[in-house]
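Only the coordinates and a few stated rules stand behind these numbers; no lab work does. Bear in mind that the values here come from a model prediction, so they are computed numbers and not experimental data. Counting neighbours? That spans all protein chains shown, and the Cβs are built from the backbone with ideal geometry, glycine included.
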Amino acid sequence: MTPGAAIRRGFVDLTHGQVHYRTVGTASDRPTLVMIHQSPGSSKQLEGVMAELAAAGRHIVAPDTAGNGDSEPFGTPAPSIGDLAGVALQAIDILGLDRVDLYGSHTGASIAMEIAIAHPDRVRRLVIDGMGLYSADQQSEVMDRYAREILPDAEATHLMKVWHFCRDQHLFWPYYNRTAAGRLLGGVPDDDYLHDFVVEVLKAMRSYHQSYRAAFRHPKRARLPLIAVPTLASCSPSDMLYEYFAEVASLVPGADVADLAPWGDADQHIRDAAIFATFLDKDISA
């Protein structure tokens, strides 16, 4: 993380409950950048790139999506991406943010996309960072196996289930395909990152699967062509969703396209932040 970048935390009260957020940087002539994280986990996983963008002169707000991190679940057992987008927009409103730039990763990309589609007057620029476009068979399989419910038990097996679930996402795709065919090119992240990741998922262990399942159900191929704001489609070649990247980019009208840094690269946050900043700073007075 960039030295001197102080990431602060807060909560906002919404109709369904509280939403937790992280924020860094100070207001400037640039619009606030709202960053929405992938599932599972929380905005904790965005801290590195948040700090880099703040050091470059941006104000960043990153909410934990409903039912993840320290944010309360939506209140129904099967919220849609539209429901989760509504929660994020409520948080943006309560924080007094009018016209913003918007970033979303994986599940967060679907949430951010829906905010941009529904409220193009509120979103100046949009960044999509990785998105999966599943076939009907893939969708059925991941709904059944990927986002399983995990509950506490007296033998504490839930702790190991979450640990291996988080670790193996970096080793296999899908994480339960622990075979040579399912092996990813990257490796296990460093111990501190993995610990933080596991802790964030443990916090929301009872509800993390709800946003995952919403993303798997979401009709992304039908929705992407409806985006009407300037959009950057980006993805790292290390990302398990990179196989869908070209199609995602082709479905967004007039999208800019960029490959991000490999996961685990020593300068990953610096390189990614530079790509995002270049796109976001276009026509900054618009």
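How do Lys282, Lys220 rank when sorted from fewest to most other Cβ atoms within 10 Å of their own Cβ?
Lys282, Lys220
Classify the stretch 136-257 from the C-alpha gyration tensor, please: rounded if a/c falls under 1.5, else prolate or oblate depending on whether a/b exceeds b/c.
The shape class here is prolate.
Which order do Arg22, Arg178 fall in if you start with the one that has the fewest other Cβ atoms within 10 Å?
Arg178, Arg22
Under 10 Å, Cα contacts only: if you run a Gaussian network model on the chain, which one of Met35, Met50, Met160 comes out with the highest mean-square fluctuation?
In the Gaussian network model the winner is Met160.
Would you look at the GNM of the chain, springs on alpha carbons closer than 10 Å, and say which of Gln90, Gln210, Gln138 moves the most?
Fluctuation is largest for Gln138.
Please identify, among Ala215, Ala181, Ala147, the residue showing maximal mean-square fluctuation in a Gaussian network model of the chain using a 10 angstrom Cα cutoff.
Ala181
By counting other Cβ atoms within 10 Å of each Cβ, how are Ile227, Ile128 ranked from fewest to most?
Lowest to highest Cβ neighbour count: Ile227, Ile128.
Looking at the stretch 24-124, what % of the alpha carbon pairs are farther apart than 22 Å?
Here the tail beyond 22 Å accounts for 24 percent of pairs.
Here are some values of Rg/Rh (Cα atoms, Kirkwood Rh): (1) 1.04; (2) 0.93; (3) 1.13. Which one was computed from this structure?
Of the listed options (1) 1.04; (2) 0.93; (3) 1.13, (2) comes from this structure.
Using Cα positions and a limit of under 15 Å, work out the aspartates and glutamates in reach of Lys282, with same-chain residues fewer than 8 apart set aside.
Here the aspartates and glutamates satisfying the reach criterion relative to Lys282 are Asp29, Asp101, Asp256.
If each DSSP helix of 4+ residues adds -39,500 (n - 2.57) and the sum is divided by the residues in the chain, what number results at 222 nm, nearest 500 deg cm²/dmol?
Only helices count here, giving -11000 deg cm²/dmol.
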